[in-house]
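What follows is calculated from the coordinates using simple rules that are stated; it is not laboratory data. Note that this is a predicted model, so its numbers are computed, not measured. Using ideal geometry, Cβ is built from the backbone for each residue, glycine included, and neighbour counts are taken over all protein chains shown.
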Amino acid sequence: MLITHDTRCALDTVVDLVNTAPEDDATPDGLPDVAALEAFVRDHKVSEVGTLTEFDLAGVRKIRARFAAVFAAPDARSAATMINELIAAAGTTPRLTDHDGYDWHVHYFAPGASVADHLAADCGMALAFFVVAGEQERLRRCEAPDCRHAFVDLSRNRSRRYCDSRTCGNRLHVAAYRARRKEAAG
């Protein structure tokens, strides 16, 4: 599957956005205030965003929950329904642009859109490309028992199981190794 630069950026953004949500009551929200939203927008180079407010923060938190549902969708039809609702509500308006040193690419948000609509349109379309390509199963959650982070499995054979093999994957492999050693030692 060919993934263009802007689609990859949108995928990275939606994964990071979903992963800002608290996993339980003890976990802090990764977007606790407008300053955190401003940092998120800056770090992800989200273009054409004006001054952010509490209204924007509430809107982004709302679409974050809707994107999280897409990653939990049991099948492509369910994911497609959710994505269609997201991009329709955002007033998706495709247009070609070349800005900030990037070659021509498509923005799906309407000029002057809120940051929530911007993310819903661009990130929603990136996820839509995966459903259209029959690759919805690549939109996953980490299989580590203490982690439910979202990720997009871009491995060749669709075999990635953990959000980060250096942390979640390695931690589980070490635990399994130690359990085998303990079992063998009797």
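What to note about this one:
- Sparse-neighbourhood loop sites, chymotrypsin sites (Phe, Trp or Tyr not before Pro) in region 76-136 - DSSP loop, at most 13 other Cβ within 10 angstrom: Tyr102, Trp104
- Shown is the FRET efficiency for Ser78 and Ala185, computed with R0 = 41 Å from the Cβ-Cβ distance and rounded to the nearest 0.05: 0.30.
- Note that region 95-104 has calculated 3J(HN,Hα) couplings of 7, 7, 8, 9, 9, 6, x, 9, 5, 4 Hz, one per residue in order, obtained from phi through the Karplus relation 6.51 cos²θ - 1.76 cosθ + 1.60 (θ = phi - 60°); glycine and proline are x.
- Kirkwood-based shape ratio for region 103-186, expressed as Rg/Rh from alpha carbons: 1.20
- Shown is the FRET efficiency for Arg66 and Val174, computed with R0 = 45 Å from the Cβ-Cβ distance and rounded to the nearest 0.05: 0.80.
- Trp104 paired with Asp33, simple spin-label distance in nm, labels 7 Å along Cα-to-beta-carbon: 4.5
- If only the Cβ of Lys and Arg carry +1 and only the Cβ of Asp and Glu carry -1, the dipole of the chain around its Cα centre is close to 1120 debye.
- Cα-based shape type of region 43-116, given that a ≥ b ≥ c are square roots of the gyration tensor eigenvalues and the cut on a/c is 1.5: oblate
- Loop-resident sites, region 36-133, for trypsin sites (Lys or Arg not before Pro), counting at most 16 other Cβ within 10 Å (DSSP): Lys45
- Region 31-82-region 95-166 distance, computed between alpha-carbon centres (Å): 12
- Among [x] 18.2, 67; [y] 17.0, 52; [z] 15.4, 46, the entry that matches Rg and Dmax of the Cα atoms in Å as calculated here: [x]
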